[in-house]
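The values are calculated or read from the model by the stated rules, or taken from the named source; none is laboratory data. The model shown is predicted, which means the values in this text are computed figures rather than measured ones. Cβ placement follows ideal geometry from the backbone for every residue including glycine, while neighbour counts extend to all protein chains displayed. For accessibility, only protein heavy atoms count, side chains too; no ligands or nucleic acids. Shrake-Rupley method; radii C 1.70, N 1.55, O 1.52, S 1.80 Å.
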Amino acid sequence: MSGPQTCASPFHRPHCLAAAAPAGKTKLTHPGKAILAGGIAGGIEICITFPTEYVKTQLQLDAKANPPRYKGIVDCVNLTVKDHGVKGLYRGLSSLIYGSIPKAAVRFGMFEFLSNHMRDENGKLDGTRGLLCGLGAGVAEAVVVVCPMETIKVKFIHDQCSTNPQYKGYFQGVREIIRQQGLRGTYQGLTATVLKQGSNQAIRFYVMTSLKNWYKGNHPNKDMNPLVTGAFGAIAGAASVFGNTPIDVIKTRMQGLEAHKYKNTANCAYQIMKHEGLRGFYKGTIPRLGRVCLDVALVFVIYEEVVKILNRVWQTQ
């Protein structure tokens, strides 16, 4: 006599959007949650870290001055505060506020969307696939948000250094840029931006995915302490800085008010090497290192904590 028979349900439930996962199988994040959590994380992070981004950009743009205006990081901060007050360190923040929220939303939303389709049968994402998902997320945020946002930001900061600043506010500045240069004026340095963001997120998500897999071991749903998440994020941020600072320098030059001096991205790289040598590609590395480590650590911590909250109040199927 045969034992009790069981029937398999004819309705397949996509594992990538399951609200809960069986023991030993990774719980996945719905892209909608990722978009919302990413936007919140991006908005909070940029308000905290913008002054270091300002200093980094100023030092990179100052490399073309003869003689340079700033002697270093401290001198840049002191002169900025002396000439424009503390609020001078936040010049250009509005353009990043308007861009950082959608940037992080697109980044995490695209990463979770891609990773949900690239995980193995147990829901695990290895480092290599994490790198590919990060690359896709970086390219998406570069095209949709980062390039126009960064171009406007660099023009605002560079404009402050001129004797007669022409931008009085964010919207007036954007209108002036479009009036003088058309929409193309907000998409300068697209190739360099795609290379920068693609490599940035590829490196960061590769490192973050690898470290999380190592930490969790055979317990994929093991909770991570925010301090651990922050430490892993800082390591991922540092790796991306040393991996693509040359691309960041080229991107900044291509988006400055004197971008017309360069024929294209390749010509910009050639001019930097010709006139400044290899060291020219690493201008602003120290301030960028501090900013990025804090930036990435904050974003990942806030993102993970917001996702935890959303998982309790937003059930996805």
Worksheet item: Angle, helix 73-84 long axis vs. longest principal axis of the chain, Cα atoms, 0 to 90°, nearest 10?
Response: 70 degrees
Worksheet item: Over segment 233-287, what is the relative contact order in whole percent, taking alpha-carbon pairs under 8 Å and six or more residues apart?
Response: 38 percent
Worksheet item: With all protein chains present, how much of the accessible area of the chain (probe radius 1.4 Å) comes from carbon and sulfur, to the nearest whole percent?
Response: 62 percent
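Estimate the FRET efficiency between Y170 and H260 by the formula 1/(1 + (r/R0)^6), using the beta-carbon distance for r and 25 Å for R0, to the nearest 0.05. Please list the in-between numbers first.
Details: r = 23 Å, r/R0 = 0.92.
Efficiency, rounded to the nearest 0.05: 0.60.
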Worksheet item: Computed over the Cα atoms of the chain, what is the ratio Rg over Rh, Rh following Kirkwood?
Response: 1.05
Worksheet item: With each label point set 7 Å from Cα along the Cα-Cβ vector, what nm distance links L278 and I309?
Response: 4.7 nm
Worksheet item: At a probe radius of 1.4 Å, what is the per-residue accessible area of F156, in Å² to the nearest 10?
Response: 10 Å²
Discussion item. For the pairs K103/K308; K71/K155; K33/K103; K222/K308; K196/K216, flag any whose C-alpha to C-alpha distance is greater than 18 Å.
Written reply: K103/K308; K71/K155; K196/K216
Worksheet, complete the sentence: Residue-normalised value, i.e. accessible area per residue, for segment 195-317 at 1.4 Å probe, in Å², stands at 48 Å²
Discussion item. Given the DSSP H assignment, sum -39500 (n - 2.57) over each helix run of at least 4 residues in the chain and divide by its residue total; what's the result at 222 nm in deg cm²/dmol, nearest 500?
Written reply: -23000 deg cm²/dmol
Response to the item:
Unit-weight point scatterers at every alpha-carbon of segment 188-276, Debye formula, q = 0.12, 0.17, 0.22 1/Å: log10 I(q)/I(0) is -0.50, -0.73, -0.98
